[in-house]
Amino acid sequence: MLYYTFNLINKEREQLQKNDDSEFINKVNSAIGEVNSKLDGKSFALVSSVAQKGRRLRCCAELLDYSITPEAIGKMINDELDEAYRTEDAEETTLERFDSLADDAFNYDLAHRQQLEGLMNYGEYEGIVRRGYARETLIKKLTIKKTAMKNATDNWKHISGLKEEILRIFSVKTSSYKGNPVHYAIDVEDAKDRTDIRKLLISCLLTQNRAVLRRVTEIKLSTIAELSNERLTGFLNLQKCGIVIVALYKSFDSDNSLNDLHLAMDELIAQIKRVKRDVLFIFEFSRAAEPTWKYIKSSLMEINFVELKETNLTNEESKSFIDKLAASDNVSDRTSLLRLIDESSYSIGDLKSIYSSWYDKHLCTSIYPAYSDLSLCNQDVLKQTKGNAYQKLSNMIGLDDVRSVITSAIDFSRAQILYEKAGIATSEMTRHMVFYGNPGTAKTTCARLYAQIMKDNGILKKGHLVEVGRKDIVSKYLGGTAPLIKEYFEKADGGVLFIDEAYSLVDDKKGLYGDEAINTIVQEMENKRDSVIVILAGYPEEMETFLSRNPGLRSRISFHVHFRDYTPDELLSILNLFISEAGMELEERAFPKLLHIFEDAAGRKDFGNGRFARNLFEQARLKQASRVLHITSPTDSDIRTLTADDFAEPEKKEEKRRQIGFSF
């Protein structure tokens, strides 16, 4: 839907007298009614205000038939008024501005509510922008010359596919809008870069008549979830021959079909299929929302998408880029800055972050040296590990050695921030880990806390844990494992990838699927060393075999964490912690019995450590529940207390096998 504003100017008209105002307004009202009747639903016009004593009429128009011009509508209004008005200052406007002018027409008695019902966006769809469901931008229509186009594409060499697509756009110019051969996805980390690339792309499309509306509408996927299907349908109908930006800022759980975001995506996908020829869609997102985009793309296989994706710059390109950033701030001595670029490749987002941190220090030390002491004071704050997750790790029972290594890893990562701020080269050591230990020794819990601690201290962006095993990352088919692993590394971006029972990846024969998995893991550990921390976990002996299979894998592990089995006393403390967290109590005479149970269990091959303590607690609660229900009038103490009788000593497997006829 096209929306225009324009003025009707009549310099020859005599000024209105006060007693003539209402008469003239009635005349305008009547004229507009006649014009809209003649337009017959193809367009709709309003006079929103009368100025300069009737010499200027401020008008707006909604065009469903794009062949009708504001000048033609202005002439129709002039003819109905039998005056000498001429149309001036016609320009495209936004839906929000048009709605505001329509309100003015109603408030100044230049239109009646019955007239406003002729608007396409009236009623269910009225005010969709003003209510915050979408944001509009008017893009200036430019005539882009070849030299300007070349300069623009040269500035965006790191955006894969952009130059090729602009060349395709300029290969054919149609006389009028014909529909959309493709839609777009802009996968760029920096928000400003996404916006600049969008503007360049849209300007090219407008120049070549690949879109009619300069009014570009942006809507977030999260707000689509708030719209009824009917309102979303009406909203997209208003964007005919225009462009809709869909901002993807969130990821989602693809297994949760009831997730609001998931439902919104399914509705959007259905709508895109309906209006794909008439409305051009541009999806914009960063790495965090790539899973969302992949889901949408896989559901729109019949639609062609051109993906404009940010690629990393080489070391030399990175130095050139960051040198230009410093030059734009008139920084003369850039030696310490360029020393920070010591890896083979960088993303634009990483380079901007490096420069921002360096320039902050440069401000406090070189430009305003009086603040250098304050800068050092702020760095002292960095040395203090913070967050609830760290406190939880500190309070965990029997993990002194584990806590020591994990704390060292955290300190190492935090120190890199200090080095970077000081302009000192950071360490080449990786942050990847191996967790050795038997089941139930809190490996997964510690991995989850470690991820959160790294986020709390500004080292990881998201701090989430993605847990996988062999069945998740080893394909049944040759060549299928590498894509699976890369997908999980993408999911773990900004967090921790926890590979449990990692030794199970090793096949009996070399060169099979397990080796493909290990080789890909090694490659991705290097590719994403700054954004993903990998923790490999499993039994001690098996993990040693696993690491020896690939020397490249062992060399990328900087921290080895051994989770020893819990002692009986520690297990008793852990059990007591479970009981306290449940708001219950343990009677005193139960302690000796439980200690005996844990001493006996600790010597078994199938000992489950903390998991054993958890199962023992759950079984005791079941027995206590039955016991309490048989008490005629249980007291509060009866309900809260676990007794020694509630805990049964687990039956040994050897005894059970003898009972069912096995011999040894």
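The values are calculated or read from the model by the stated rules, or taken from the named source; none is laboratory data. None of the values given here were measured: they were computed from a predicted structure. No Cβ is skipped: glycine too gets one built from the backbone with ideal geometry, and neighbour counts run over all protein chains shown.
Search the range 463-507 for residues being assigned to a loop (DSSP other than H, G, I, E, B) and touching a strand residue (DSSP E or B) at 6+ places or on another chain (Cβ under 8 Å), and hand back the single one that is surrounded by the most Cβ atoms within 10 Å (Cβ to Cβ). I'd like the intermediate steps shown before the answer.
Within the range 463-507, the first condition is being assigned to a loop (DSSP other than H, G, I, E, B), and the residues that meet it are 463-464, 469, 474-480, 492-494, 500-501, 506-507.
Keeping just the survivors that are touching a strand residue (DSSP E or B) at 6+ places or on another chain (Cβ under 8 Å) gives 463-464, 469, 492-494, 500-501.
On the way: GLY463: 21, HIS464: 17, GLY469: 15, ALA492: 25, ASP493: 22, GLY494: 19, ASP500: 18, GLU501: 16.
The residue in question is ALA492.
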*Which number in (1) part of a strand (DSSP E or B); (2) exposed (fewer than 14 other Cβ atoms within 10 Å of the Cβ) marks the one condition that LEU308 misses?*
(2)
_Condition broken by ALA191, with the remaining ones in (1) at pLDDT below 80; (2) under 23 Å from the mean Cα position of the chain (by Cα) satisfied_ = (1)
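Which ones in the range 420-435 are at pLDDT below 90 and out of contact with any Asp or Glu (no Cβ under 8 Å at 6 or more places or on another chain)?
Of the residues in the range 420-435, the ones at pLDDT below 90 are 420-431.
Across the range 420-435, the qualifying residues are GLU420, ALA422, GLY423, ILE424, SER427, GLU428, MET429, THR430, ARG431.
On the given criteria, is THR174 assigned to a loop (DSSP other than H, G, I, E, B) and of a type outside the set (Gly, Ala, Ser)?
Values: assigned to a loop (DSSP other than H, G, I, E, B): yes; of a type outside the set (Gly, Ala, Ser): yes.
Against the criterion (assigned to a loop (DSSP other than H, G, I, E, B) and of a type outside the set (Gly, Ala, Ser)), THR174 qualifies.
Could you pull out the residue among LEU325, LEU261 that is more than 25 Å from TYR488 (Cβ to Cβ) and either surrounded by 15 or more Cβ atoms within 10 Å (Cβ to Cβ) or basic (Lys, Arg) (or both)? Write out each step before concluding.
Working: LEU261 fails: more than 25 Å from TYR488 (Cβ to Cβ).
The match here is LEU325.
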_I'd like the residue in the range 74-111 that is part of a loop (DSSP other than H, G, I, E, B) and over 21 Å from LEU64 (Cβ atoms) and, out of all such residues, is modelled with the highest pLDDT._
TYR85
*Looking at (1) in a helix (DSSP H, G or I); (2) out of contact with any helix residue (DSSP H, G or I) (no Cβ under 8 Å at 6 or more places or on another chain); (3) surrounded by fewer than 18 Cβ atoms within 10 Å (Cβ to Cβ); (4) of a type in the set (A, V, I, L, M, F, W, C), find the lone condition where MET301 falls short.*
(1)
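Please determine, by comparing only the residues of the range 54-82 that are charged (D, E, K, R) and surrounded by fewer than 17 Cβ atoms within 10 Å (Cβ to Cβ), which one is nearest to the chain's Cα centre (by Cα). Outline the logic, then answer.
Keep residues of the range 54-82 that are charged (D, E, K, R), which gives 55-56, 58, 62, 65, 71, 75, 79-80, 82.
Now drop any that are not surrounded by fewer than 17 Cβ atoms within 10 Å (Cβ to Cβ), which leaves 65, 71, 75, 79, 82.
Numbers: ASP65: 38, GLU71: 45, LYS75: 50, ASP79: 55, ASP82: 58 Å.
Restricting to residues being charged (D, E, K, R) and surrounded by fewer than 17 Cβ atoms within 10 Å (Cβ to Cβ), the top hit is ASP65.
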*Using beta carbons and a limit of 8 Å, which pairs, at least six apart or on different chains, have the first residue in the range 236-249 and at positive phi and the second one surrounded by fewer than 20 Cβ atoms within 10 Å (Cβ to Cβ) and in a loop (DSSP other than H, G, I, E, B)?*
CYS241/TYR66; CYS241/TYR177; CYS241/VAL212; CYS241/ASP278
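From ILE459, ILE406, which residue is crowded, with 17+ Cβ neighbours inside 10 Å, in contact with a Ser or Thr (Cβ under 7 Å, 6 or more places away or on another chain) and assigned by TED's automatic domain parsing to the domain that holds MET543? Even if it seems obvious, please write down each step before you answer.
Values: ILE406 fails: in contact with a Ser or Thr (Cβ under 7 Å, 6 or more places away or on another chain).
After applying the criteria, what remains is ILE459.
For every residue, the table says whether it meets (1) aliphatic (A, V, I, L, M); (2) within 31 Å of the chain's Cα centre (by Cα); (3) closer than 26 Å to SER408 by Cβ.
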position	(1), (2), (3)
THR481	no, yes, no
LEU484	yes, yes, no
PHE489	no, yes, yes
GLU501	no, yes, yes
LEU536	yes, yes, yes
GLU542	no, no, yes
SER548	no, no, yes
PRO551	no, no, yes
HIS562	no, no, yes
*Kindly indicate whether LYS38 is without any contact (Cβ under 8 Å) to a residue 40 or more places away in the chain and surrounded by fewer than 17 Cβ atoms within 10 Å (Cβ to Cβ).*
yes
*Pairs with Cβ under 9 Å, 6+ apart, first in the range 626-637 and among the small types (Gly, Ala, Ser), second outside any helix (DSSP H, G or I)*: SER637/GLU585
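Can you list the helices (runs of 4 or more DSSP H) found entirely within the range 551-618 that contain at least 2 residues being in contact (Cβ under 8 Å) with a residue 40 or more places away in the chain?
Details: elements: 551-555, 568-581, 590-601.
Answer list for the range 551-618: 568-581, 590-601.
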*Being in contact (Cβ under 8 Å) with a residue 60 or more places away in the chain and farther than 25 Å from PRO291 by Cβ, is that true of even one residue in the range 517-538?*
yes
_The conditions are (1) touching a residue at least 24 places away in the same chain (Cβ under 8 Å); (2) closer than 30 Å to VAL275 by Cα; (3) in contact with a strand residue (DSSP E or B) (Cβ under 7 Å, 6 or more places away or on another chain), and ASP99 fails exactly one of them. Which is it?_
(3)
*Give me the pairs: first residue in the range 447-464 and closer than 20 Å to LEU399 by Cβ and modelled with pLDDT of 85 or more, second residue of a type in the set (Ser, Thr, Tyr) and not in a loop (DSSP other than H, G, I, E, B), beta-carbon distance under 8 Å, and six or more apart or on different chains, which are they?*
LEU449/TYR390; ILE453/TYR390; MET454/SER413
*Unmet criterion (only one of (1) surrounded by fewer than 16 Cβ atoms within 10 Å (Cβ to Cβ); (2) closer than 26 Å to GLN239 by Cα; (3) hydrophobic (A, V, I, L, M, F, W, C)) for ILE32*: (1)
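Quick check on the range 321-331. Is at least one of its residues outside the structural domain of TRP156 (by TED's automatic domain parsing) and in contact with a Gly (Cβ under 8 Å, 6 or more places away or on another chain)?
No, every residue in the range 321-331 fails to be outside the structural domain of TRP156 (by TED's automatic domain parsing) and in contact with a Gly (Cβ under 8 Å, 6 or more places away or on another chain).
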*asked:* One residue is enough: does the range 184-206 have a residue meeting the conditions in contact (Cβ under 8 Å) with a residue 12 or more places away in the chain and on the phi > 0 side of the Ramachandran plot?
replied: no
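Just wondering, is there one or more residues in the range 195-218 that are hydroxyl-bearing (Ser, Thr, Tyr) and either closer than 16 Å to ILE269 by Cβ or in the same structural domain as GLU91 (by TED's automatic domain parsing) (or both)? Steps first, please.
Filtering the range 195-218 for residues hydroxyl-bearing (Ser, Thr, Tyr) gives 195, 203, 207, 217.
The next check asks that each one be either closer than 16 Å to ILE269 by Cβ or in the same structural domain as GLU91 (by TED's automatic domain parsing) (or both); those that pass are none.
Within the range 195-218 (the criterion being hydroxyl-bearing (Ser, Thr, Tyr) and either closer than 16 Å to ILE269 by Cβ or in the same structural domain as GLU91 (by TED's automatic domain parsing) (or both)), the answer is no, since none of the residues qualifies.
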*asked:* Exactly one condition in (1) more than 30 Å from TYR477 (Cα to Cα); (2) modelled with pLDDT of 85 or more is false for ILE535; which is it?
replied: (1)
